[in-house]
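Undergrad: Structure provided below as structure tokens; questions to follow.
The values are calculated or read from the model by the stated rules, or taken from the named source; none is laboratory data. Only a predicted model underlies this, so the values are computations on that prediction, with no experimental measurement involved. In this analysis, Cβ positions are derived from the backbone assuming ideal geometry, glycine residues included, and neighbour counts consider all displayed protein chains. Quick note on the areas: whole protein, heavy atoms, side chains included, nothing else; ligands and nucleic acids left out. Shrake-Rupley method; radii C 1.70, N 1.55, O 1.52, S 1.80 Å.
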Amino acid sequence: MSILDRLTGQDRPSPANAEFIAVLADEASAALLRQFVLEGMVSHAHVLVGGVRDLIGLLGQVERPPRQLVVDVSGSTMSNTELAELAAVCPPGVAVVVVGERNDVGTYRELLRMGVDDYLVKPLTMDLLRRVLNRRTGRSVPAQQIRTGKVVACVGSRGGVGTSTLVANLGWQLAGPLERRVAAIDLDPFGGALDLMLSAPNNHGLADLLANVNQLDPNFVERSFAQAAPRLFLLAARAELDQSGVLPPRAVLTLLAELRKLFHYVFLDLPARGGELTAALLADADTVAVVSEPSVVATRETLRLIQLAETRDDRVPLMLLVNHPRQPGHAELKLADFEEAVGRRASHVLPFDRDAAGLGENLGPPLISRRGPLALALRRVADDLAGRRSAEGGRRLLPDWLPLPGLAPARGG
Ligand SMILES: Nc1ncnc2c1ncn2[C@@H]1O[C@H](COP(=O)(O)OP(=O)(O)O)[C@@H](O)[C@H]1O
Ligand SMILES: [Mg+2]
């Protein structure tokens, strides 16, 4: 086996641990990339001949995302659907350089708008590769973090309304059938049960990360999570009941900034409706999901939660999820009355289903993967979060990070 093979990772049967993956349409360009990898001693590199589809297939096999991707779109129609599919399997923190044949400003701008870091027009030269890739393959983070994952803060109007059930099931659905990289964070160190709901170990990773929040690197972060399913990771902590200051708000915010680069979705299971941490996280989240039930107490608290979420100066996308964790009864408001009282329509209504919920709580996999009206309603919420048409089998929309308003870089022609 040649040094080149060892360096470019061609000896490995799968690119599972590749940090640099390049897929080129023709052998000459691939050879140039191999030379670049050799010259720059790029470790864990995987270079092959193929197209966007091949890259999508490869990424489906890796557990840990690579740092850098180079993908050749020449010959293909370079359709938005193809690149959108690539986007869906490629976590936000990965730098993507597209290679192609078209040399017009429109193409370049469109690619940048979609979150691509750079566009190289063929024919490739070593000089061009050095200029564009060297600043990216090094240990430094890309200068511009264009795409970021979405933090979804889930908070209940009272205990027992189903907040954790929602986090577990939405996380499961987005990571499984919808193939996003998902982090679920249990922010109740005094008895949160997300680990049980996801059949994952509670490994105290959250406390470790927060204690070392100024020395976060992707490997350390990755190790601190417990894996619940492919692409689904849990972060939790367990503290003594008399312990205080377990989750310092500033440290949690610093951690979230890092997690946004590594995951498409970060779900926060917030146990408390108020306090410094909740207020800070509701202010930082990209989406706030307020979970409630149509009881009198919950109605009053829902109103207060919505007001808290709306104290931000920019409007927060707020999802109001009306769950029925109890058998429908007398103590319940009609949906219309509930909506009038809180001044907002419910985004989704989830029916009561004791058997399904009980099963999901005690035995994995969660109920969202089963049949029945509650599972169906949950899948609609997941589709909504992923920016897809709600009906199952409905039209697939572009992944929601694609046009990130306000984050598009001000560069290009
Ligand atoms: N739609 C539903 N139908 C029946 N039971 C439900 C439903 N949603 C939640 N539950 C049950 O309600 C209980 C409380 O749910 P949980 O998610 O732990 O609430 P929270 O996190 O808000 O305290 C759990 O036993 C759960 O299985
Ligand atoms: Mg809970």
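Undergrad: Restricting the first residue to the stretch 183-199 and requiring it to be on the phi < 0 side of the Ramachandran plot, which pairs with a second residue that is among the hydroxyl-bearing types (S, T, Y) and assigned to a strand (DSSP E or B) meet a Cβ separation below 9 Å and a spacing of at least six or different chains?
TA: Between residues of the stretch 183-199 that are on the phi < 0 side of the Ramachandran plot and residues that are among the hydroxyl-bearing types (S, T, Y) and assigned to a strand (DSSP E or B), the close pairs are A183/Y265; A184/Y265.
Undergrad: For the stretch 261-286, give me each residue that is open to solvent by 30 Å² or more (accessible area, probe 1.4 Å), modelled with pLDDT of 90 or more and under 26 Å from R231 (Cβ atoms).
TA: Hits for the stretch 261-286 are P271, D284, D286.
Undergrad: Which residue out of V221, V213 is under 19 Å from K150 (Cβ atoms), more than 16 Å from ligand 2 (Cβ to nearest atom) and touching a Leu at 6+ places or on another chain (Cβ under 7 Å)?
TA: Details: V213 fails: under 19 Å from K150 (Cβ atoms).
Answer to the check: V221.
Undergrad: So, one more: Can you report the number of residues in the stretch 183-204 which are crowded, with 24+ Cβ neighbours inside 10 Å and modelled with pLDDT of 95 or more? Break it down into steps so the answer makes sense when it comes.
TA: In the first step, residues of the stretch 183-204 are kept if they are crowded, with 24+ Cβ neighbours inside 10 Å; the result is 183-187, 194, 197-198.
Those left that are additionally modelled with pLDDT of 95 or more: 183-187.
Selection size over the stretch 183-204: 5.
Undergrad: Using the structure shown, decide if A168 is part of a helix (DSSP H, G or I) and open to solvent by 10 Å² or more (accessible area, probe 1.4 Å).
TA: So A168 does not fit the description; no.
Undergrad: Can you find even one residue in the stretch 207-224 that is among the acidic types (D, E), assigned to a helix (DSSP H, G or I) and over 17 Å from K261 (Cβ atoms)?
TA: Looking for residues that are among the acidic types (D, E), assigned to a helix (DSSP H, G or I) and over 17 Å from K261 (Cβ atoms), one finds at least one in the stretch 207-224, hence yes.
Undergrad: I need the full set of residues from the stretch 296-305 which are open to solvent by less than 50 Å² (accessible area, probe 1.4 Å) and out of contact with any strand residue (DSSP E or B) (no Cβ under 6 Å at 6 or more places or on another chain), in order please. If you could, list the steps in order and put the result at the bottom.
TA: Taking the stretch 296-305 as the starting set, the residues that turn out to be open to solvent by less than 50 Å² (accessible area, probe 1.4 Å) are 298-299, 301-302, 305.
T299, E301 - these are the residues of the stretch 296-305 that are open to solvent by less than 50 Å² (accessible area, probe 1.4 Å) and out of contact with any strand residue (DSSP E or B) (no Cβ under 6 Å at 6 or more places or on another chain).
Undergrad: Return yes or no: is D26 farther than 30 Å from A229 by Cα, of a type in the set (D, E, K, R), assigned by TED's automatic domain parsing to the domain that holds D118 and open to solvent by less than 30 Å² (accessible area, probe 1.4 Å)?
TA: no
Undergrad: Something else now. Which one of these is surrounded by 15 or more Cβ atoms within 10 Å (Cβ to Cβ) and modelled with pLDDT of 90 or more: L359, L367, L378?
TA: Details: L359 fails: modelled with pLDDT of 90 or more; L367 fails: modelled with pLDDT of 90 or more.
Criteria check complete, one pass: L378.
Undergrad: Considering only the stretch 372-387, state which residues are in contact (Cβ under 8 Å) with a residue 24 or more places away in the chain and farther than 18 Å from V291 by Cβ.
TA: Hit for the stretch 372-387 is A386, nothing else.
Undergrad: Quick one: which of A207, A257, A211, A228 is buried (at least 16 other Cβ atoms within 10 Å of the Cβ), in the same structural domain as R181 (by TED's automatic domain parsing) and more than 23 Å from D384 (Cβ to Cβ)? Give the steps one after another, and end with the answer.
TA: Numbers: A257 fails: buried (at least 16 other Cβ atoms within 10 Å of the Cβ); A211 fails: buried (at least 16 other Cβ atoms within 10 Å of the Cβ); A228 fails: more than 23 Å from D384 (Cβ to Cβ).
So the residue among A207, A257, A211, A228 that is buried (at least 16 other Cβ atoms within 10 Å of the Cβ), in the same structural domain as R181 (by TED's automatic domain parsing) and more than 23 Å from D384 (Cβ to Cβ) is A207.
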